[in-house]
Each structure stands twice: as C-alpha cells, then as structure tokens.
Amino acid sequence: MTTSTAIEVGTYTLDAARSTIGVSHKAMWGLATVNGAFVPQSGKAEVHDRGSASGTITIDAASLDTANAKRDEHLRSDRFFDTVHHPTISVSVRSATLGPDGKTVSVDAQLTVRGVTRSQNLTATIAETTSEAIMLTTRFEVDRTQYGLAWNWGGMLRGPATMTATLHFTRA
C-alpha cells in the first residue's frame, strides 16, 4: 500500500477484520492499567469533494475482551455497559476535515455508549491511502462517567479511559 494523502471522493466500507479498537483504563487505585479490545461490527465513510468526510462505526459492546473472563462478564453487566439493553456502541462522525499538514483529520463526532450520546472531538491520522483504501489511526480520552459507567468500588478506577483505533476502509 502506498502512503499518500490523495483520498478519492466516494463511499468507503469499514474492513472490520483489519480494524482494531482498544481501550485502556487505570485500575487498582492507579497501580495497574487494564487493557482491552472491542470488535467493530460495521462502518461506512463518505469522502466529500472539498476534503471533508462523514460516517458511522458500530461496535459490538459485548465483544470487549480484557483477557479476564470474570472482569469481562462484570463489564458487560448492568453496572457498566449493560450489553443486554445496549448491545452496540456507535460513533457517528458529523464532520471530518483534513488539516493543513495533509495527514491529520479533525473529527467532530457523536459517541453513543449505553444509550447516552455525547459530542467527542478527536484528531485522527491518515496512516495510509490508495485509490481503493484508507487507514486511519486515533487515540483519545473518554470520561466514562458521562456515559453512565459510574461504578467504582472503593475508588479503584482512576481518570479517563483511553481509546485507540486503527480503522481500515475500502472503497464500496
């Protein structure tokens, strides 16, 4: 794949098999970091003719894997993600604008977790492009309490969660 910033106008579909979405959070009163990964279900991006874009990504909330089955079960429960009632996490990109450096993208999105939607502004980096594909990477922080994920026995959880994503899109 050739790296360039010439992104073709059109519709792109998320290649979920090649995309990753990670989460990390300080736990045990800041002494340990818990890392996990979600499985993206689907996504679509529209690249417009003036260097802007919009799109959506849907994530299977129950797919969270932290390499600890008991913890994962707890995170899927109604104390956290409540995956029975809220099976997906979604990101709806209202606008994405290419920065002057030609490599960064300013993203204005709506993040929906546990049925709560909040604005999320972030910066993505164009890692690779071809005439048929785009790969973006991003890293941003989320205050989980804003989404009803407030359980915190004994103050064990500290600070925001850090989200990372590598997203591969192919021309539809």
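The values are calculated or read from the model by the stated rules, or taken from the named source; none is laboratory data. Predicted, not measured: the structure shown is a model, and the values here were computed from it. Here the Cβ is made from the backbone with ideal geometry for all residues, glycine too, and neighbour counts use every protein chain on show.
Computed quantities for the displayed model
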{"read-out": "Failed item in (1) at pLDDT 95 or above; (2) out of contact with any Phe, Trp or Tyr (no Cβ under 8 Å at 6 or more places or on another chain); (3) surrounded by 19 or more Cβ atoms within 10 Å (Cβ to Cβ); (4) not hydrophobic (A, V, I, L, M, F, W, C), with HIS85 passing the rest", "value": "(3)"}
{"read-out": "Total residues in the range 104-152, condition surrounded by 14 or more Cβ atoms within 10 Å (Cβ to Cβ), touching a residue at least 40 places away in the same chain (Cβ under 8 Å) and more than 24 Å from LYS26 (Cα to Cα)", "value": "9"}
{"read-out": "Considering residues of the range 51-77 that are under 19 Å from THR117 (Cβ atoms) and of a type outside the set (Ser, Thr, Tyr) only, the residue surrounded by the fewest Cβ atoms within 10 Å (Cβ to Cβ)", "value": "ASP60"}
{"read-out": "Those residues of the range 64-97 which are under 18 Å from TYR147 (Cα atoms) and hydroxyl-bearing (Ser, Thr, Tyr), in sequence order", "value": "SER77, THR83, THR88, SER90, SER92"}
{"read-out": "Filter result for the condition that a residue is polar (S, T, N, Q), farther than 16 Å from VAL142 by Cβ, without any contact (Cβ under 8 Å) to a residue 40 or more places away in the chain and out of contact with any Leu (no Cβ under 6 Å at 6 or more places or on another chain), over THR97, THR11, THR33, THR83", "value": "THR83"}
{"read-out": "Criterion violated by LEU64 - all others in (1) out of contact with any strand residue (DSSP E or B) (no Cβ under 8 Å at 6 or more places or on another chain); (2) touching a residue at least 24 places away in the same chain (Cβ under 8 Å); (3) among the hydrophobic types (A, V, I, L, M, F, W, C) satisfied", "value": "(1)"}
